[in-house]
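For reference, the structure discussed in these notes is given below.
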Amino acid sequence: DAGVIQSPRHEVTEMGQEVTLRCKPISGHNSLFWYRQTMMRGLELLIYFNNNVPIDDSGMPEDRFSAKMPNASFSTLKIQPSEPRDSAVYFCASSLVAGGDTDTQYFGPGTRLTVL
Amino acid sequence: DAKTTQPPSMDCAEGRAANLPCNHSTISGNEYVYWYRQIHSQGPQYIIHGLKNNETNEMASLIITEDRKSSTLILPHATLRDTAVYYCIVRVALNNDMRFGAGTRLTVKP
């Protein structure tokens, strides 16, 4: 079974440019999460969706960041305009919330973003 | 405010059991203990989780103390590929707030 798929795996861009990160969750999962990992701050939850609806975006650093989930099999995280401090590894994770007592998040391989 | 406390690093000899401790003295009755690991340059990998009872799967065993204030992840026969950062996380069931701390960097040595 394919796990969570992220693209691109690496992105290098210049300050001020728009960056779009993509995620395909595990088929059948109904929750999707975007995380960011830096040396200074570790792993941070940015936003999560349940049934394609954004539930909590309190972790989104500022208005330059936006995330969408147009359907159950695709999500994007966009940064516009990008800044050097956005350089990090961005992870997408998905889980199935199905009336049980807990859910388990499965992570993708990440996108390493470098903003020059 | 950290919910878990883990040693920053540990070493283990290849083939021996690796026992990774985690303190979660303020855990609530409805909070689960989850363990993930992150091998260099990869995404976090789910290992195991539990509420009260000890749990075992193909990867590891999870031992939770009776008062639930601490737990131990056991890798029964560590291999070099188990070298990674191991994260202990407590979270409310279906609460999607997964807070990763600094974890324990486990180094398995030949």
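Computed from the coordinates by the stated procedures, all read-outs in this text should not be read as laboratory data. All values derive from a computational prediction rather than experimental measurement. Cβ: placed from backbone, ideal geometry, glycine included. Neighbour counts: every protein chain shown.
Computed from label points 7 Å out along Cα-Cβ, the spacing between B:Thr65 and B:Asn30 is 2.5 nm. Using C-alpha pairs below 8 Å separated by at least 6 residues, the relative contact order for the range B:1-71 is 27 percent. A crude spin-label estimate for the pair A:Arg85 and A:Arg112, with each label 7 Å from Cα along the Cβ direction, gives 2.4 nm.
From the Kirkwood radius over Cα pairs of chain A, Stokes-Einstein at 4 °C and 1.567 mPa s returns a whole-number translational diffusion coefficient of 91 µm²/s. Once the chain from B:Asp11 to B:Arg99 is taken as fully extended at 0.36 nm per residue, the excess over their C-alpha distance is 29.2 nm. Taking 15 Å as the cut-off, the amide N atoms of the range A:87-116 that come nearer than this to a point 7 Å along the Cα-to-beta-carbon line of B:Leu51 belong to A:98-104. A simple spin-label model places pseudo-atoms 7 Å from Cα toward Cβ; at A:Thr38 and A:Ser7 they are separated by 2.8 nm.
Can you tell me which lysines have their Cα less than 21 Å from the Cα of B:Lys69? Leave out same-chain residues fewer than eight positions away. Reachable lysines: B:Lys3, B:Lys52.
Using 0.36 nm per residue and subtracting the Cα-Cα separation, the extra length available between A:Asp56 and A:Ser73 on full extension is 4.2 nm. Annotation: the protein assembly as shown has a Kirkwood hydrodynamic radius of 18.3 angstrom, from the mean reciprocal C-alpha pair distance. All distinct Cα pairs of chain B go into the 1/r average, and the inverse of that average, the Kirkwood radius, is 13.9 Å.
Neighbouring Cβ atoms from other chains, within 10 Å of the Cβ of residues in B:97-110, number 2 on average.
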